[in-house]
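The values are calculated or read from the model by the stated rules, or taken from the named source; none is laboratory data. Since we're looking at a predicted model, the values are computed, not measured. Positions of Cβ are generated from backbone atoms using ideal geometry, with glycine treated the same way; all protein chains shown enter the neighbour counts.
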Amino acid sequence: MTIRILVPVKRVVDPNVRVRVGAAGAIETGGLKMSLNPFDECALEKALQLKEAGVASHVTALTCGLPPYQDVLRTALAMGADDAVLIDTGAATTSLDSLAVARLVAAHMGEVEYGLVLCGKQAIDGDVGGMAAMLAALLGWPQALNASALDAIDGGWRVDCGDDAATATWHLDGRAVVSADLRLAEPRRVTLPSIVKAKQKPLAILEASSFGGVSDACSRVLKLDDPPVRAPGVKVGGVQALLDALAGQRIFETVGV
């Protein structure tokens, strides 16, 4: 089985940077370091491993946003992706939601045939985690979410997925959408020579308007606030004092013990 793999990625504030809500009620990103979403990075690494194993012949990275978002695509190309696609969403970028992104990705896939979509299970900025499931629904493809292991088997895929109970193993037939947990693969280091080579790889820029109104968002953010300041802790003199303090807060009744 030799297929093309599509890896949708997102540009987010670097996970090591602390963000704050500005006076305008939006996250202040000016001057902050931006990077490839860590979950998407793991998905890309797994896609590259599948290519190196002969399962895939081509890996494409795709993102939706503005022209400066090419930086994360260049990172993906430096990691080893064969080409990249930026869907320029212009003024609609700030209002993009999971469904709008899923629609844009599905519209692009109507022009290029892929055998597998590998993406991160969620983005670290919004933590919605809905794009993969929405894309699978739009395509009519089987899905496996929160994958910690992925192998090609019998013309399909064997995927280990974390769920509320433990770990479930799924067998998906044919083309599929898989979202990656951080355990799926350890991203490789990007070297200076690979960064130089990435500049020579193709990066296509498509206008979202060419796909019609699929980038229209169906949800909107009403308000953003910094989390409340955490109350200071209370020191207790021993185990009995701790139990008395918990009993006073009625903790056990609240959790149903």
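The set of residues in the stretch 20-54 that are free of Cβ contacts under 8 Å to residues at least 24 places away in the same chain and of a type in the set (Val, Ile, Thr) contains only Thr29. Once the stretch 71-123 is narrowed to residues that are hydrophobic (A, V, I, L, M, F, W, C) and in contact with a Pro (Cβ under 6 Å, 6 or more places away or on another chain), the residue that is nearest to Ala137 (Cα to Cα) is Val105. Condition check: buried (at least 16 other Cβ atoms within 10 Å of the Cβ), of a type in the set (Gly, Ala, Ser) and farther than 24 Å from Val13 by Cβ. Does Gly115 satisfy that? The answer is yes for Gly115. When each of Gly54, Gly129 is tested for being modelled with pLDDT under 90 and either of a type outside the set (Val, Ile, Thr) or in a loop (DSSP other than H, G, I, E, B) (or both), the lone residue that passes is Gly129.
From the list Asp82, Asp14, Asp97, Asp71, which residue is over 15 Å from the mean Cα position of the chain (by Cα), farther than 16 Å from Tyr114 by Cβ, surrounded by fewer than 23 Cβ atoms within 10 Å (Cβ to Cβ) and acidic (Asp, Glu)? Walk me through how you get there before you give the answer.
On the way: Asp82 fails: farther than 16 Å from Tyr114 by Cβ; Asp14 fails: over 15 Å from the mean Cα position of the chain (by Cα); Asp97 fails: over 15 Å from the mean Cα position of the chain (by Cα).
Among Asp82, Asp14, Asp97, Asp71, only Asp71 is over 15 Å from the mean Cα position of the chain (by Cα), farther than 16 Å from Tyr114 by Cβ, surrounded by fewer than 23 Cβ atoms within 10 Å (Cβ to Cβ) and acidic (Asp, Glu).
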